[in-house]
1. Which members of the range 117-151 meet the condition of being surrounded by 13 or more Cβ atoms within 10 Å (Cβ to Cβ) and of a type in the set (S, T, Y)?
2. Give the range 53-74 a look and list any residue that's of a type in the set (D, E, K, R) and either surrounded by fewer than 13 Cβ atoms within 10 Å (Cβ to Cβ) or in contact (Cβ under 8 Å) with a residue 40 or more places away in the chain (or both), or say none.
3. Out of the range 159-183, which residues are over 25 Å from R101 (Cβ atoms) and buried (at least 16 other Cβ atoms within 10 Å of the Cβ)?
4. Can you pull out the residues in the range 149-174 that are over 25 Å from K40 (Cβ atoms) and touching a Gly at 6+ places or on another chain (Cβ under 9 Å)?
5. May I ask you to verify whether I186 is among the aliphatic types (A, V, I, L, M) and either under 30 Å from N99 (Cα atoms) or more than 16 Å from the chain's Cα centre (by Cα) (or both)?
6. Name, by its number, the condition in (1) within 17 Å of A138 (Cα to Cα); (2) at pLDDT 95 or above that does not hold for R83.
7. Among the residues that make up the range 100-116, is at least one of them of a type in the set (F, W, Y) and surrounded by fewer than 19 Cβ atoms within 10 Å (Cβ to Cβ)?
Amino acid sequence: MISIEKINKKFGKFQAIKDLNLRLELGKSYALIGPNGSGKTTLIKILLGLVIPTSGDVQIGGESILQEWKYREKIGYMPQIGRYPENMTVGQVIGMIKNIRNHKGVMDEELIKSFELEKFYDKRMHTLSGGMRQKVSAALAFFFNPPILILDEPTAGLDPVSVEILKDKIKQEKESGKLIIITSHIMSDLDDLATDLVYLFEGDLLYHDTIKQLKKETGEIRLGKAISCLITQNNFVNQLIKS
Ligand SMILES: Nc1ncnc2c1ncn2[C@@H]1O[C@H](COP(=O)(O)OP(=O)(O)OP(=O)(O)O)[C@@H](O)[C@H]1O
């Protein structure tokens, strides 16, 4: 569904993404992880059309997204920190986004209901707590029923009940055949949600396989442990190459 072909991204002389090839399929959920500065946000921004790659191509549903914008309807995006017109109320923001999108299909209002967002429809955005803002962002990401969801630290700042509501929703959407990309520093969340791992290191794709396979290769049961094994192995190989 998403085909990333030989993507490079340079910021001046610095290469943030190096010759990246990746195929992401519907019905799978991908944990996108890597150390700080490894290129995760750059990759997400390329998929969203906010950063233009220096070379290479990205295709969604068989069509290049470069110089295109219509494909964005296929992506629901939950940012790490949602930025909204701060003087508008929650109800006004949701209404405005509905109007702009002029969506013809069925709206998915499940998260609006389960997070009870209607209760704070009259609150202005700047008065919301971090967790409330996250709930608005989550509800909007799923609202137009997109086949692809990109969720950047989706559970950060949510209370435990809301975390479970959102995790159930993500699992349900994956089961229904959507393609989900999740970044998170909470390994237990990724262990519950992701089927596959995409691990970036200094702009390189260091690992891409199923989490089941990673656990088998490392002999670890928990994802956090399996990833630290992967990183240790990589550091060891890097040291060997440098010595
Ligand atoms: N607009 C930019 N101009 C110059 N360098 C940039 C720009 N955007 C990103 N970079 C650099 O590209 C590299 C990758 O950054 P990116 O934000 O993609 O990392 P990340 O994996 O998302 O990190 P984190 O986990 O800290 O969010 C970093 O070294 C960063 O400084």
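The values are calculated or read from the model by the stated rules, or taken from the named source; none is laboratory data. Because the structure is a prediction, the values reported are computed rather than measured. We place every Cβ from the backbone using ideal geometry, glycine too, and count neighbours over all the protein chains shown.
1. Answer for the range 117-151, where residues must be surrounded by 13 or more Cβ atoms within 10 Å (Cβ to Cβ) and of a type in the set (S, T, Y): Y121, S137.
2. D57, E63, E68, K70, E73, K74
3. V163, K167
4. The one that is over 25 Å from K40 (Cβ atoms) and touching a Gly at 6+ places or on another chain (Cβ under 9 Å): D159.
5. So I186 fails the test.
6. So R83 meets the others, but not (2).
7. no
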